[in-house]
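The values are calculated or read from the model by the stated rules, or taken from the named source; none is laboratory data. All of these numbers come straight from a predicted model, not from anything done at the bench. Neighbour counts are summed over all protein chains in view; Cβ atoms, including those assigned to glycine, are modelled from backbone coordinates with ideal geometry. Ligands, DNA and RNA are excluded from the accessible area calculation, which covers all protein heavy atoms including side chains. Shrake-Rupley method; radii C 1.70, N 1.55, O 1.52, S 1.80 Å.
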Amino acid sequence: KAKHEGRNRWIFYQQGMAEKIIQRRELENELREAIDAEQLRLVYQPRYDVKSSNITAVEALVRWEHPRFGTIMPDQFIPLAEETGLIGRISGWVLLSACRETSENLPGMSVSVNVSASEFQDEGLFKRIKKALDMSGLASSRLEIEVTESLMLIDPVKTLKLMNQIRSLGVKFLIDDFGTGYSSLNYLRDYPFDGIKIDKSFIMSVNDSSLAMQVVQNMIGLGKAYDMEVTAEGVETEEQLEQLKKLECDVIQGYYIGKPMTVKQLQQLKINSEKNR
Ligand code: C2E
Ligand code: MG
Ligand code: MG
Ligand code: MG
């Protein structure tokens, strides 16, 4: 696996400009086929609820099993999908697959799905979400949509209308990578979000800097002031977990709880963590 990733990196970054352009076009064509060829798959990262000491939710993260390059990570093909208009089809697949797998194999758990800001340009997104819920039978209250702060940089009237339409289904919205965007904090007041996910860059240093602690404490306070559920992303150590519990963070996500994994591995992790309590 590490070998594959190393190879990808070489292919994506070390070649000349002309080769890169050809490669890009090839990759675009291959990405177009990837869905039908069943080369996409989802992994799930556990989200640990502090109050109930339980894994109550997962985040679905997409992977592309490329026949020659091996596993390609989302950062290396989602931007391409956004630029080429393929994102809608991928998102449709991700939404339906995440809802299906959760409904069939993860009883009682919620699932969050990442949606690109570019998907808020038209109403296709509403249809894809509705279809995923209808076809999977998943209760809408168990689906959450993660968006980044870049969403607040596009047409607010259009965005709000679509958000409210989707929320009327019973679906929730989370702000991903909170604190890394360029938008004004007023959006917390003006847009209907249910939770924030504090970006891992803030969590990384909570164990060795009291300033970082204070910053995170204030971010948690800000989220709570707006009645939102607060998640910490990128929690990698027990010390970070303990600090975040002290700050009354609601949900913990990160390698310390679990890396993104298959549904089978997740079921096993949940069984083990329940045994150990
Ligand atoms: P994200 O939504 O912020 O997802 C969290 C990323 O941080 C994941 O990387 C995850 O593996 C990684 N991560 C989680 N815990 C830790 C930790 O403790 N330490 C460290 N160092 N990293 C951690 P991944 O899976 O490579 O995803 C990268 C990004 O790709 C995601 O960031 C999301 O923006 C995007 N993405 C993933 N799946 C989809 C999708 O289905 N649709 C769209 N539009 N974007 C997606
Ligand atoms: Mg996310
Ligand atoms: Mg994030
Ligand atoms: Mg991200």
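Please determine, by comparing only the residues of the stretch 105-125 that are open to solvent by 40 Å² or more (accessible area, probe 1.4 Å) and touching a residue at least 24 places away in the same chain (Cβ under 8 Å), which one is nearest to Ile55 (Cα to Cα).
Checked the stretch 105-125; the qualifying residue nearest to Ile55 (Cα to Cα) is Gly108.
Given the criteria within 16 Å of ligand 3 (Cβ to nearest atom), open to solvent by 20 Å² or more (accessible area, probe 1.4 Å) and at pLDDT 95 or above, does Glu229 qualify?
Criteria met by Glu229.
Considering only the stretch 180-226, state which residues are open to solvent by 10 Å² or more (accessible area, probe 1.4 Å), within 16 Å of ligand 2 (Cβ to nearest atom) and hydrophobic (A, V, I, L, M, F, W, C).
Within the stretch 180-226, Phe193, Phe202 qualify.
Hey, among the residues in the stretch 179-222 that are among the polar types (S, T, N, Q) and under 14 Å from Gln240 (Cα atoms), which one's nearest to the chain's Cα centre (by Cα)?
Ser201
Could you list, in sequence order, all residues of the stretch 149-164 that are within 26 Å of Met109 (Cα to Cα) and open to solvent by less than 50 Å² (accessible area, probe 1.4 Å)?
Glu149, Leu162, Met163
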